[in-house]
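First comes the structure, then the notes that go with it.
Every number in this text was worked out from the coordinates using simple rules, so none of it is lab data. Owing to the predicted nature of the structure, the values given are computational and were not obtained by experimental measurement. Every residue, glycine as well, gets a Cβ built from its backbone with ideal geometry; the counts of neighbours run over all protein chains shown.
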Amino acid sequence: YPMGLSHAQVDLFAKIVAIADIYNAITTDRSYSTAKPPFEAFALIKSKLFHKVDPKLFEALVLIYGGKP
């Protein structure tokens, strides 16, 4: 984390913004990539970017879309 903060020291809202930003980047068209469907985005986050997100927030996002963690 920036400034050497531990996971517990990072504010909840910063963690929410981080996962929302990653999800948005994957699920919208970009000049370098086409938009991915939600569950493909979840699979990508889980396999390649999981170390960058809060696991509980990731689970909540998946559940919001009707998936199973």
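Go through LEU57, LEU63 for me and flag whichever is aliphatic (A, V, I, L, M) and touching a residue at least 12 places away in the same chain (Cβ under 8 Å).
Result: LEU57 is the single residue among LEU57, LEU63 that is aliphatic (A, V, I, L, M) and touching a residue at least 12 places away in the same chain (Cβ under 8 Å).
With (1) in contact (Cβ under 8 Å) with a residue 12 or more places away in the chain; (2) surrounded by 13 or more Cβ atoms within 10 Å (Cβ to Cβ) as the list, and VAL10 as the residue in question, which single condition is left unmet?
It is condition (1) that VAL10 fails.
So, in the stretch 54-69, how many residues would count as being assigned to a loop (DSSP other than H, G, I, E, B) and either of a type outside the set (Ser, Thr, Tyr) or in contact with an Asp or Glu (Cβ under 6 Å, 6 or more places away or on another chain) (or both)?
Here the count works out to 5.
Could you count how many residues in the stretch 18-39 are of a type in the set (Phe, Trp, Tyr) and surrounded by 10 or more Cβ atoms within 10 Å (Cβ to Cβ)?
Residues in the stretch 18-39 being of a type in the set (Phe, Trp, Tyr) and surrounded by 10 or more Cβ atoms within 10 Å (Cβ to Cβ): 2 in total.
Is it true that some residue in the stretch 36-53 is touching an Asp or Glu at 6+ places or on another chain (Cβ under 9 Å) and without any contact (Cβ under 8 Å) to a residue 12 or more places away in the chain?
No, the stretch 36-53 contains no residue that is touching an Asp or Glu at 6+ places or on another chain (Cβ under 9 Å) and without any contact (Cβ under 8 Å) to a residue 12 or more places away in the chain.
Any chance you could count how many residues in the stretch 2-52 are in a loop (DSSP other than H, G, I, E, B) and acidic (Asp, Glu)?
Matching residues across the stretch 2-52 total 2.
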